[in-house]
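What follows is a set of notes on a single structure, which appears directly below.
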Amino acid sequence: MPHVLVVYTDDEPGVLTRVASLFRRRSFNIHSLTVGPTERVGLSRMTIVVDSDAPRVRQAVEHLRKLVNVLEVQQLGERPMVVRDLVLVRVATAPEVRSEVLQLAQVFRAAVVDIAEDSLVIECTGSLAKIDALVDSMRPFGILELGRTGAVAMARGTRTPSPSRPAVPLRTGAGPEAMSV
Amino acid sequence: MTQPGTYTGAQLIWESLIREGVDTVFGYPGGAILPTYDAMTEYTIRHVLVRHEQSAAHMADGYARASGRVGVVVATSGPGATNLVTGLATAMLDSTPLVAITGQVGSALLGTDAFQEVDITGITIPVTKHNYLVTRAEDIVPAIREAFAVARSGRPGPVLVDITKDAQQSRATLDWEAAVPQRHLRHLPAPLDPSVLAQALDLIRQAKRPIILAGHGIQLSGARAEVLALAERADIPLALTLLGLGAVPATHPLSLGMMGMHGEAWVNRAIQEADLLLAFGMRFDDRVTGKLKEYAPHAKKIHIDIDASELNKNVPVDVAIVADLGDVLRALLPEVPVADRSSWLGTIREWRGDSAVRDIKNLPDDGHLYAAHVMHDLWRLTKGEAVVVTDVGQHQMWEAQYYKHDGERSLITSGGAGTMGFALPAAIGAKIARPEAEVWVVAGDGGFQMTFAELMTAVQEGVKVNIAVINNGYLGMVRQWQALFYEGRYAATPILSPDFVKLADAFGIHGQRVETRGDVAAAVVQARAAGGTALIEFKVEQEDSVYPMVPAGAALHEMIRRPSALAETGSDPV
Ligand SMILES: Cc1ncc(C[n+]2csc(CCOP(=O)(O)OP(=O)(O)O)c2C)c(N)n1
Ligand SMILES: [Mg+2]
């Protein structure tokens with residue numbers, strides 16, 4: 001069963017390796033891992049989707065919490081969440097099917113972001129299921145290239161404040177307020 | 001061009017170490033760490049020059065385990081750094097606080113496969129709590145300060161700080177206060193939850209056959225007094241893990257002895273029949289549980305550990321408490337009801353009596369020298385007061401069975417990693433940490449040959465350790481497995497040794513050989529009296545095996561007992 005984890009980390013070289021190494025060591029297959037900056041300088045946010053059973057995921061969460069660079073780990077799925085994936089898909093469009101592809105794209109509220117003589121690039125954002133459905137619907141026309149970002153997830157409702165933990169980027173030596181989540 | 005108020009990175013390393021209270025480092029120089037060695041001459045800090053960097057890590061480990069302080073290692077880049085890896089893994093698995101400082105090639109050369117460039121921070125991610133690649137002098141103090149904080153905090157462990165040569169050579173100011181570490185505080189356990197404590201108390205109240213599983217965490221937490229107070233108040237017996245030996249006195253009436261693969265049968269039986277396990281700072285390693293499905297089937301379980309990832313990992317528990325053990329026990333103690341469990345203790349005593357006749361130390365002298373004899377005699381002759389540092393193998397288990405450790409931090413052994421070659425260097429580190437202690441090495445002929453070059457380190461440093469080499473001519477523990485599970489095919493386990501007495505002579509230390517039980521005592525006395533490091537080779541029974549034994553994968557009560565031939569000739573228990 002896929003589990004969705006949100007991990008807040010220092011924005012520092014090597015953090016991704018530490019996190020990935022932890023999953024590799026337990027031979028978890030990472031379904032997707034996205035990482036990017038957040039509203040705070042020095043703080044990164046990862047969304048990790050892994051396929052494993054609950055006890056093993058819980059173990060991994062506890063190990064993530066032991067990493068010095070990890071500020072907070074949320075295990076989503078226990079509460080309502082928004083999960084979004086972005087896809088760019090280049091579909092073969094012979095002249096006779098082009099309008100059909102465009103119509104389908106509209107159904108998915110997908111945007112056409114590039115047009116070539118024999119193909120279109122379609123961009124779509126949505127839940128993992130929606131992206132899967134879009135990709136499936138394009139398959140009969142011939143998918144020439146496909147790239148997905150992997151899931152970015154967020155819990156719905158009020159942000160449950162994490163136990164506010166001091167975080168100081170090594171470089172700046174700033175006070176705890178600077179980065180606490 | 002010295003600027004006032006600034007230091008070279010190399011000086012900042014030593015300034016940081018001294019401020020962290022470091023008096024001794026264990027190391028080996030080389031090109032990438034040379035600026036730091038050059039600066040060392042300005043500071044009053046003891047440097048112990050090892051013969052191999054792996055030993056430096058083991059020495060720092062022994063130093064830390066003997067004293068509770070952080071052990072410090074210094075090595076150069078490339079092979080110097082990679083030689084530390086086994087030592088770091090050993091420290092990681094046994095929760096020893098270490099800080100390793102390695103030199104690295106200049107920052108401009110990183111990633112170019114420059115001479116002696118190795119990605120040591122990449123390599124050591126899984127065997128350290130954390131590591132740092134420092135490329136600027138101004139980052140040295142914050143990195144080292146944080147490294148010490150991380151090494152000491154929570155469940156202790158090793159931390160590596162890799163510092164490029166240019167960072168050691170360039171200059172920065174020293175602002176100690178600004179570098180106060182914070183990030184290790186991110187992961188402190190939550191405050192104790194009274195409702196969880198209440199659940200634990202309920203289980204203790206209801207238990208008829210409780211048993212405390214005493215682990216290494218007791219010593220790391222400094223919770224010996226609290227554990228004993230609880231055990232005595234509630235009349236609960238204690239079973240110990242290998243690293244728990246010494247956490248509570250072996251001669252305490254409630255102490256049963258070691259549990260697990262080579263634990264005594266009555267201890268394992270008590271665990272299997274218990275109705276409550278109180279696991280204190282231990283981690284249900286496969287060596288102590290045997291087959292998990294059949295482990296302690298009647299018992300409710302309370303598990304207290306500082307490391308949340310250990311709870312519900314191998315054994316699902318009824319009450320899991322993530323906290324410092326001492327804190328929990330201090331909160332629990334006033335509420336723990338005074339109890340009398342003499343019938344449960346009596347039952348265990350009966351099981352114990354049944355085993356004593358099989359005990360080799362109770363057998364008449366048949367002219368053969370058994371390692372068990374040596375351990376028993378060593379215990380008697382040192383009044384159980386030595387710090388014993390053991391290597392890995394049969395001798396390690398015999399030591400654990402026959403040397404009764406009363407004192408805290410009196411047994412130092414590689415439990416989690418089982419690293420052969422650990423004992424001699426770790427003992428040198430232990431002796432340096434506690435010069436007043438009598439330190440004994442107990443090593444096998446195999447493991448001793450892995451690191452005996454450190455004898456010269458002991459000589460050069462004027463360190464006295466006493467060494468018992470248990471020579472059975474085999475990689476004995478592996479041979480035992482071959483005998484039991486591989487139809488006696490002794491593939492690659494017979495091992496030749498040098499003449500250890502001549503070897504001792506070559507190192508300029510006292511050396512002796514003992515082949516009969518009658519000569520054990522005199523040799524031990526002479527070794528203790530020798531001015532410096534002394535070595536005794538005990539030529540013991542070659543194909544002796546460690547019993548009792550839970551075969552790998554068997555349930556804890558399915559033990560191979562000591563051979564009954566021995567049992568039948570048994571005399572009265574001593
Ligand atoms: C570095 C390392 N290599 C291999 C092993 C596997 N091993 C475990 S015990 C043992 C035999 C040890 O032989 P010896 O030192 O003579 O001790 P004995 O068991 O004979 O007392 C071996 C090879 C190990 N634990 N560590
Ligand atoms: Mg041997």
Mind checking the per residue accessible area of segment B:6-187 for me, 1.4 Å probe, whole number of Å²? 31 Å²
Restrict the search to segment B:479-556; then list the chymotrypsin sites (Phe, Trp or Tyr not before Pro) that DSSP places in a loop and that have at most 14 other Cβ atoms within 10 Å of their Cβ. B:TYR486, B:TYR490
Considering only protein heavy atoms, what is the solvent-accessible area of B:ASP61 at a probe of 1.4 Å, reported in Å² to the nearest 10? 0 Å²
Give the accessible area for B:ILE123 in Å² (nearest 10); use a 1.4 Å probe, count only protein heavy atoms, and leave out ligands, DNA and RNA. 80 Å²
Taking a crude spin-label model, label points 7 Å out from Cα along the C-beta direction, the B:VAL525 to B:ASN314 distance in nm is 4.4 nm
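Relative contact order of chain B, please, whole-number percent, based on alpha carbon pairs below 8 angstrom and at least 6 residues apart.
Contact order relative to length: 14 percent.
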With just the Cα atoms defining each centre, how far is segment B:508-540 from segment B:103-158? Give it in Å. 43 Å
Point-to-point label distance, B:LYS383-B:VAL180, nm (Cα→Cβ direction, 7 Å offset): 4.6 nm
Taking every residue in A:58-64, how many Cβ atoms of other protein chains lie within 10 Å of its Cβ, on average? 4
Positive end of the dipole of the protein assembly as shown, charges at C-beta (+1 Lys, Arg; -1 Asp, Glu), about the Cα centre: which of B:ASN312, B:ALA371, B:ALA530 has its Cα farthest in that direction? B:ASN312
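Across peptide B:179-192, how many C-beta atoms of other chains are within 10 Å of each residue C-beta, on average? Present the calculation step by step, with values, prior to reporting the outcome.
Values: counts 3, 4, 4, 13, 14, 2, 5, 16, 7, 2, 0, 1, 0, 0.
If you average over the peptide's residues, the count of other-chain Cβ atoms is 5.
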Order of exposure, largest accessible area first, which applies to B:ASP166, B:ASP305, B:ASP119 with probe 1.4 Å: B:ASP119, B:ASP166, B:ASP305
Loop only by DSSP, 14 or fewer other Cβ within 10 Å of the Cβ. Give me the GluC sites (Glu not before Pro) in segment A:1-78 that pass, ordered by residue number. A:GLU39, A:GLU78
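What order, most packed first, do the peptides B:190-203, B:393-406 have when packing is the mean number of other Cβ atoms within 10 Å of each residue?
Details: B:190-203: 14.1, B:393-406: 25.1.
So the peptides B:190-203, B:393-406, ranked by packing, come out B:393-406, B:190-203.
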Mind listing, in residue-number order, the residues in segment B:100-127 that have at least 20 Å² less accessible area with every protein chain present than in their own chain alone (1.4 Å probe)? B:ILE125, B:PRO126
What aspartates and glutamates does B:LYS313 reach when the alpha-carbon gap must be under 20 Å and sequence neighbours fewer than 8 apart in one chain are set aside? A:ASP51, A:ASP53, A:GLU62, B:ASP94, B:ASP285, B:ASP286, B:GLU294, B:ASP305, B:ASP324
Let's test the formula: R0 of 51 Å, r as the Cβ-Cβ distance of A:VAL82 and B:ALA506. What FRET efficiency results, to the nearest 0.05? 0.10
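Give the ranking of B:SER153, B:SER55 by solvent-accessible surface, highest area first, calculated with a 1.4 Å probe.
Details: B:SER153 25, B:SER55 0 Å².
Greatest to least solvent exposure: B:SER153, B:SER55.
Considering only protein heavy atoms and a 1.4 Å probe, what is the carbon-and-sulfur percentage of the accessible area of chain B? Spell out each step's value before the answer.
Working: 11030 of 20780 Å².
Accessible surface attributable to carbon and sulfur in chain B totals 53 percent.
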Identify, among A:LEU128, A:MET46, A:PHE141, the residue whose Cα sits farthest towards the positive end of the charge dipole of chain A, taking +1 on the Cβ of Lys and Arg and -1 on the Cβ of Asp and Glu, with the dipole about the Cα centre. A:MET46
Mean-position separation - Cα centroids, segment B:465-483 and segment B:362-392, in angstrom: 14 Å
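How much length, in nm to one decimal, is gained on full extension between A:ARG40 and A:ARG159, taken as 0.36 nm per residue of separation minus their Cα-Cα distance?
Working: separation 119, 0.36 × 119 = 42.84 nm, distance 1.56 nm.
Between A:ARG40 and A:ARG159, full extension yields an extra 41.3 nm.
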Cα→Cβ-extended label distance, 7 Å offset, between A:ARG25 and B:TYR43, nm: 2.9 nm
Tell me, how many Å apart are the Cα centres for segment B:421-439 and for segment A:81-112? 70 Å
Could you give the size of the charge dipole of the protein assembly as shown about its Cα centre, using +1 on the Cβ of each K and R and -1 on the Cβ of each D and E, expressed in debye and rounded to the nearest 20? 1040 debye
How much length is gained if the chain between B:VAL459 and B:LEU333 is pulled fully straight, taking 0.36 nm per residue apart and subtracting their Cα-Cα distance, in nm to one decimal? 40.5 nm
Below 17 Å, Cα to Cα, which aspartates and glutamates can A:LYS130 reach? Residues fewer than 8 away in the same chain don't count. A:ASP85
What lysines sit close enough to B:LYS165 to cross-link, taking a C-alpha to C-alpha distance under 27 Å and skipping anything fewer than 8 places away on the same chain? B:LYS129
Over segment B:190-233, average the accessible area per residue using a 1.4 Å probe and give it in Å², no decimals. 43 Å²
Which of A:LEU22, B:GLY407, B:ALA299, positive extreme of dipole for the protein assembly as shown (C-beta unit charges): B:ALA299
Here the relative contact order (percent) of chain A, from C-alpha pairs under 8 Å and at least 6 apart, is 24 percent
May I ask you to derive the FRET efficiency for A:VAL113 and B:ALA108 from their Cβ-Cβ distance with R0 = 51 Å, giving the value to the nearest 0.05? 0.80
Across A:69-81, the residue-averaged tally of Cβ atoms belonging to other chains within 10 Å stands at 1
Once you keep just the Cα pairs under 8 angstrom separated by 6 or more residues, what percentage relative contact order results for segment A:2-78? 48 percent
Probe of 1.4 angstrom, ligands and nucleic acids ignored: what's the accessible area per residue over segment A:82-152, in square angstrom? 56 Å²
At a probe size of 1.4 Å, how large is the accessible area of B:TYR43, to the nearest 10 Å²? 40 Å²
The FRET efficiency for B:GLU487 and B:LYS291, from their Cβ-Cβ distance with R0 = 30 Å and rounded to 0.05, is 0.85
Total accessible surface hidden between A and B, rounded to 100 Å², 1.4 Å probe: 2200 Å²
So which of B:LYS301/B:LYS404; B:LYS300/B:LYS404; B:LYS431/B:LYS539; B:LYS431/B:LYS464; B:LYS404/B:LYS464; B:LYS208/B:LYS300 end up more than 19 Å apart by C-alpha? B:LYS301/B:LYS404; B:LYS300/B:LYS404; B:LYS431/B:LYS539; B:LYS404/B:LYS464
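The values are calculated or read from the model by the stated rules, or taken from the named source; none is laboratory data. Please read these numbers as outputs of a predicted model, since none were measured by experiment. Positions of Cβ are backbone-derived with ideal geometry, glycine not excepted, and every protein chain shown enters the neighbour counts. Note: accessible area is taken over every heavy atom of the protein model, side chains too, but ligands, DNA and RNA are not part of it. Shrake-Rupley method; radii C 1.70, N 1.55, O 1.52, S 1.80 Å.
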